[in-house]
Amino acid sequence: MNFFYINIFFNLLPNCQSKLFHIQKIFFVFFFSLRKHYLIIFLITFLSTSTFSQTQNLDNKFRLAQSYELAGQFEKAELIYRELYQLQPFNSIYFEALTKSLTSQKKYDEAIFLIEEKIKTQPYDVSNYGMLGSIYFMKDDLTNAFKTWEKGIATNPNSNVVYRVMANYAIENRAFVKAIDFLNRGKKLSVDKYIFSLDLANIYAINMNFENAANEFCELLVTNPEFLPTVKSRISTYITRPQAAEQTIVAINKFLKSTKKIEVFDLLSTIYQQVGEYEKAYEIITKIENDFNGNGSNFYFFAIESLKGKKFEVALKSFKAILDKYKNSGYEASARIGYSKTLEEILNEKSISKDEQWKPIILHQKKFEDEYINLIRSYEKFIDDFENNSYTAEAFYRIAEIYNHRLLNLEKADSLYHFIELKFPYSNFSVLSAINRAKIFIKQNKLEQAKLLLNKVLQSPKIDYQNISEVNFLLGKINFWKGNFSEAIKLFQQSSQNLQDDFTNDSLENLFIINSSKKDSVNLSKYANAELLLQQKKEEEAIIEFKTLSNNDNLFLINQFANFKLAEIYILKNNFLEAEKILEKLSKNSENPLFSEKSMFLLAQTQKYGEKNFEKAKKTYAQILEFFPNSLYFDRVREELNAISN
């Protein structure tokens, strides 16, 4: 029996040189007298070690071949792949690597022969037919490509899986018509047709056949309504392409003539919103509520989206529809406050005229006082009608905001903010109120009180990351104004960590000012004080401070920052000629072009909206495109030029 095991062992040994072979024989004679089970254990251990060593060696060779491929040495890579494939013809990784190596060198006939030989041993592996068809396709032999793919399907024509596999190969080769054929055939066989519908819709969309894509999506929603979010997401990726919206809307409307499905109506409404046709979307929402026994939810969510999109008139109609049709429903309270908030947004838009919205600094003025008072009353009535409702804190907060920014009654606003902090400590409106109180303290030059309050806000369990960024920014500004530049740097760094946040750019700008000028702490402090005066609405005093700095050419960067701030204040005060002089000088500063692009854009805006000199503005906008081809303002400049031309 011992001789039997030894023979087996030597037959399994990898090829070796003759000397090593004789040594192995002598080595095994030593074990000849061992008991049978010891010998078996030894054989298994030795074989495992040898196999691991061989596998490791093959892996190293495979990685070497890959490195040759990356270096563009395809023939060297091919030789290694061939060696590996000969050693392990059953290894699909080596087979695919060799095939890919041959096709990348355009050795199509060799690749075809290789795969055909593989098919002889594995006639039911559908992927082999897919690869072979792809190579024929690369050779522009479409007839054989399609025939080969059909042979792949013939391996198991009753399985819908093979149709998807072949469709994927066709898609990879951009043979979309063939892919559509395979998918449609597979769809007929499949019980779960949703996979095929999604694939078909994607192919139709790629080929700009948006009508057929929409039909597939509609059919999918009839059988699988849970796919509505997926369908909305897919359509949103291409709906802005030329003809996409028109074809999609036409197709869905045709579909709805024969099949009334709430998910399809919902989809149509969403598409109308995506293309900005909110009135038509409102009509669809109304139909959904009426025809499908709605409870007001569709009106509510549509109103919220309309409010976000600044489609205030449609939002008003939607909130009002809830109040008219669904009184005492779960949406009544949210619709009441939503209606008031929408009226507030409309009033706010009226109070800041379009002639002022372009300005970098806007000072709120008392306008439409009676209308704002009526709005406050509507919020107060809400508080009375829905006492201790989840929206009560928001209603108080809206009133405080009106007193603060519209009626300019800081004492009343501060009192309401403080009440919200005490009454609703676990609401986010408590955090927002504290931040706004700190801003009021800053305006009143109570910097220490503002600082204490903001540090307290950071301890709130309801504070979110955006609030944290704003609080750190405000604390950074307070330290900057007080001359604590090292502390200000730390806070601005914290505030600028999230690049998507509103305060990132301002924090980075402040970091640049401090880091570039902190050696000249005296003039940096003067600049900080001028900024504080501007923050406290003391424009005339701020002008004096900024002028002192702007007239000193030796200050380098502080000089430019001061000049730009001066230009912004002059624009605020409608002194456009003085602003233009400064901006022209800054935009043409070739020695230090820090503000060149920014100044040129603000100059063009001043010429267009301030001076109403459209020809002059047109030339300045054109210069921005000429001198700054990668300008951050590129899209806005194009819009402004188009507006002037029209």
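Read-outs throughout are calculated quantities, based only on the coordinates presented, and are distinct from any laboratory measurement. Quantities reported herein were computed from a predicted structural model and do not represent experimental measurements. A quick note on method: Cβ atoms are made from the backbone with ideal geometry, for glycine too, and the neighbour counts reach across all protein chains shown.
Remarks
- Per-peptide packing, taken as the mean over residues of other Cβ atoms within 10 Å, places 218-227, 500-509 in the sequence 218-227, 500-509 from highest down.
- Among the listed pairs Lys573/Lys612; Lys280/Lys317; Lys280/Lys325; Lys462/Lys538; Lys439/Lys462, a Cα-Cα separation exceeding 23 Å is found for Lys462/Lys538.
- Separation in nanometres of the label points that stand 7 Å from Cα toward Cβ, at Ser525 and Gln73: 6.8
- Per-residue HN-Hα couplings for the range 318-335 [Karplus 6.51, -1.76, 1.60; θ = phi - 60°; Hz; x = Gly/Pro]: 5, 4, 5, 4, 5, 5, 7, 9, 10, 5, 6, 8, x, 9, 5, 4, 5, 6
- Computing Rg and Dmax of the Cα atoms in Å directly from the structure and comparing it against [x] 36.9, 112; [y] 24.9, 74; [z] 28.3, 93 singles out [x].
- Burial ranking of peptide ranges 281-291, 606-616 (average Cβ count within 10 Å, highest at the top): 281-291, 606-616
- Subtracting the Cα-Cα distance of Gln365 and Thr155 from their residue separation scaled by 0.36 nm leaves 67.7 nm.
- Shown is the FRET efficiency for Asn207 and Asn515, computed with R0 = 45 Å from the Cβ-Cβ distance and rounded to the nearest 0.05: 0.25.
- The phi-based Karplus calculation (6.51 cos²θ - 1.76 cosθ + 1.60; θ = phi - 60°) puts the 3J(HN,Hα) values of the range 423-440 at 7, 10, x, 9, 9, 5, 5, 5, 5, 4, 5, 5, 4, 5, 5, 4, 5, 5 Hz, whole numbers, x for Gly and Pro.
- Cβ-derived FRET efficiency at R0 56 Å, Arg174 paired with Leu577, nearest 0.05: 0.40
- Rounded if a/c under 1.5, otherwise prolate or oblate - the range 169-220, Cα gyration tensor axes: oblate
- Between the range 100-163 and the range 210-264, the alpha-carbon center distance in angstrom: 35
- Segment Glu591..Trp358, full-extension length gain: 81.0 nm, with 0.36 nm per residue of separation and the alpha-carbon distance subtracted.
- Length released on extending from Asn498 to Asp384, taking residue separation times 0.36 nm less the Cα-Cα span: 37.0 nm
- FRET efficiency for the Asn445 to Glu246 pair, using the beta carbon distance and R₀ = 51 Å, is estimated at 0.30.
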